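The values are calculated or read from the model by the stated rules, or taken from the named source; none is laboratory data. On a predicted model such as this, the values are computed, not experimentally measured, just so you know. Note that we place each Cβ from the backbone using ideal geometry, even for glycine, and neighbour counts take in every protein chain shown.
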Amino acid sequence: MTISPDAVAKVAKLAKLRLDDAKLERFAGQMDDILAYMETLGALDTTGVEPLYSPVGHATPLRADTAAPTCTRDQILANAPATDGQFFIVPKIV
């Protein structure tokens, strides 16, 4: 399969990219190379090969999901420009 510069221009338009003619030609050639490589990979005999879902063979360690307080209310409100001692005070928006 070959990719024409017109097809690249259509994809570029969908992606809202502006490409000059030289870049359209270059990208068309690069896409042709990628598709040729995919055809080479597709031609390989993979019978008897189990699907690989992840290249990592070990389990991912997870930490316990526990809630813990990290800051006090006073520490958080200390950085606010205006508070009433318990909440942030913000300008009224109508």
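Regarding residue 64, is this residue small (Gly, Ala, Ser), assigned to a helix (DSSP H, G or I) and without any contact (Cβ under 8 Å) to a residue 60 or more places away in the chain? Reasoning before the result, please.
Details: small (Gly, Ala, Ser): yes; assigned to a helix (DSSP H, G or I): no; without any contact (Cβ under 8 Å) to a residue 60 or more places away in the chain: yes.
Criteria not met by residue 64.
Out of curiosity, is residue 47 more than 25 Å from the chain's Cα centre (by Cα) and either exposed (fewer than 10 other Cβ atoms within 10 Å of the Cβ) or modelled with pLDDT under 95 (or both)? Walk me through it before giving the result.
Working: more than 25 Å from the chain's Cα centre (by Cα): yes; either exposed (fewer than 10 other Cβ atoms within 10 Å of the Cβ) or modelled with pLDDT under 95 (or both): yes.
Here the answer is yes, as residue 47 does meet what is asked.
Return yes when residue 69 is more than 23 Å from the chain's Cα centre (by Cα), surrounded by fewer than 10 Cβ atoms within 10 Å (Cβ to Cβ) and not aromatic (Phe, Trp, Tyr) and no when it is not.
Numbers: more than 23 Å from the chain's Cα centre (by Cα): yes; surrounded by fewer than 10 Cβ atoms within 10 Å (Cβ to Cβ): yes; not aromatic (Phe, Trp, Tyr): yes.
Spelling it out, residue 69 is indeed more than 23 Å from the chain's Cα centre (by Cα), surrounded by fewer than 10 Cβ atoms within 10 Å (Cβ to Cβ) and not aromatic (Phe, Trp, Tyr).
Tell me which residues, restricted to the range 17-48, are of a type in the set (Lys, Arg) and outside any helix (DSSP H, G or I). If you could, list the steps in order and put the result at the bottom.
So the first thing to find is which residues in the range 17-48 are of a type in the set (Lys, Arg), and the list is 18, 23, 26.
Result: 18, single match.
Starting from the range 69-81, take each residue that is assigned to a helix (DSSP H, G or I) and list its partners that are at pLDDT 90 or above, counting only C-beta distances under 6 angstrom and pairs at least six apart or across chains.
Cβ pairs passing all conditions: 77/83.
Out of the residues in the range 1-16 that are in a loop (DSSP other than H, G, I, E, B) and at pLDDT below 95, which is surrounded by the most Cβ atoms within 10 Å (Cβ to Cβ)? Spell out the reasoning first.
First, pick out the residues of the range 1-16 that are in a loop (DSSP other than H, G, I, E, B): 1-4, 15-16.
Those still in the list that are at pLDDT below 95 too: 1-4.
Values: 1: 8, 2: 10, 3: 17, 4: 13.
Selected residue: 3.
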